[in-house]
Amino acid sequence: MARSTEKMVKKVACVVVLMCMVVAAPQAEAAISCGQVVSSLTPCLSYLKGSGGAVPAACCNGVTSLRNAAKTTPDRQTVCNCLKSAATGISGLNLGLASSLPGKCGLLLPIKIGPSIDCSK
């Protein structure tokens, strides 16, 4: 009987330690910055401000590297918020070209990109 009590105490102690770890764990933060987002997409600006045509290879490379870097939800939310903020500050940006850019670079995204996107989801 002492052995079963000892096992129960160890189990309870493990649960308490795990609960403390969860409560004390820091909130998930994005590992990607707005600077990285802007730098990855800078090669796309001339295309996005123009009338279309061929997407520069450097632009698609930036879009692909950005997608590969944004692995976690906080990363994707950071990218989303940075893109929304940058889009409002760039005059002459063709939003139609911007929303079709991932597809033109061969990337399938499960969401529709646009200025009204909710980055919290």
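The values are calculated or read from the model by the stated rules, or taken from the named source; none is laboratory data. As the structure is a computational prediction, the values presented were derived from the model and not from experiment. Cβ placement follows ideal geometry from the backbone for every residue including glycine, while neighbour counts extend to all protein chains displayed. Each accessible area value is taken on the protein alone, full model and side chains, heavy atoms only, with ligands, DNA and RNA left out. Shrake-Rupley method; radii C 1.70, N 1.55, O 1.52, S 1.80 Å.
Structure data summary
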{"read-out": "Yes/no for I111 being β-branched (V, I, T), on the phi < 0 side of the Ramachandran plot and open to solvent by 80 Å² or more (accessible area, probe 1.4 Å)", "value": "yes"}
{"read-out": "Residue count for segment 63-99, restricted to those that are open to solvent by 40 Å² or more (accessible area, probe 1.4 Å), polar (S, T, N, Q) and assigned to a helix (DSSP H, G or I)", "value": "9"}
{"read-out": "Test: residue in segment 101-121 that is acidic (D, E), assigned to a loop (DSSP other than H, G, I, E, B) and modelled with pLDDT of 85 or more", "value": "yes"}
{"read-out": "Close pairs from segment 37-57: first modelled with pLDDT of 90 or more, partner outside any helix (DSSP H, G or I) and open to solvent by less than 30 Å² (accessible area, probe 1.4 Å), Cβ under 9 Å, at least 6 apart", "value": "V37/A70; V55/C105"}
{"read-out": "Hits in segment 27-62 (condition: part of a helix (DSSP H, G or I) and under 12 Å from the mean Cα position of the chain (by Cα))", "value": "C34, Q36, V37"}
{"read-out": "Any pair with Cβ under 6 angstrom, 6 or more apart, that starts in segment 67-91 at a residue that is farther than 21 Å from G50 by Cβ and ends at one that is part of a helix (DSSP H, G or I) and open to solvent by 30 Å² or more (accessible area, probe 1.4 Å)", "value": "A70/R76; C82/C34"}
